[in-house]
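The next block holds one structure in the form of structure tokens; read it before the comments.
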Amino acid sequence: MESRLITPSNARKDAATASLAARDTFTAQTPLVVIGLAAIGMIFLINSHARPTPPREKAVVYSCSECGTVVAVRRSAESSYLVEIQMLDGSLRTIPQLSAAFNVGDIVRVTAGALTLRAGRS
């Protein structure tokens with residue numbers, strides 16, 4: 001490496017050469033930047049249609065008008081149990097039972113004031 005004395009005229013000459021190289025580098029890279037930004041924009045446009053959509057609410061099919069879910073089982077004063085059922089139509093029914101054979105969450109069918117257990121849990 002050669003040693004030379006730095007004078008104001010040498011400093012100006014070196015600065016002009018350095019800025020010229022930086023300017024040439026920037027000008028050479030501008031098309032690459034534009035192409036890169038265009039590619040990012042295209043990727044965004046292509047993927048904007050692929051966004052996940054929230055699941056649609058499933059329609060409730062009332063296949064059993066006398067079916068519902070047990071929401072509460074309480075002991076009554078007469079040594080029997082009161083079973084509250086949320087029916088599929090949204091109404092709430094209370095059916096007296098002699099034993100606590102049903103648990104909260106059981107799916108039951110009400111037939112003539114009596115409960116029968118159906119398959120599955122809510």
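Just so it is clear, none of the values below were taken in a lab; they were calculated from the coordinates. Computed from a prediction, not measured in an experiment: that's the story for all the values here. As a convention, Cβ positions derive from the backbone with ideal geometry for all residues, glycine included, and neighbour counts pool all protein chains shown.
Working from label points 7 Å from Cα in the Cα-to-Cβ sense, the residue 26 to residue 56 distance is 5.5 nm.
Annotation for residue 40 and residue 72: the two label points, set 7 Å from Cα along the Cα-Cβ direction, are 5.9 nm apart.
In percent, how large is the relative contact order of region 67-121, given Cα pairs closer than 8 Å and 6 or more residues apart? Intermediate results must be reported in sequence, preceding the final value.
Details: 112 pairs, mean separation 18.3, N = 55.
Taking the mean separation of contacting Cα pairs over the length of region 67-121, I get 33 percent.
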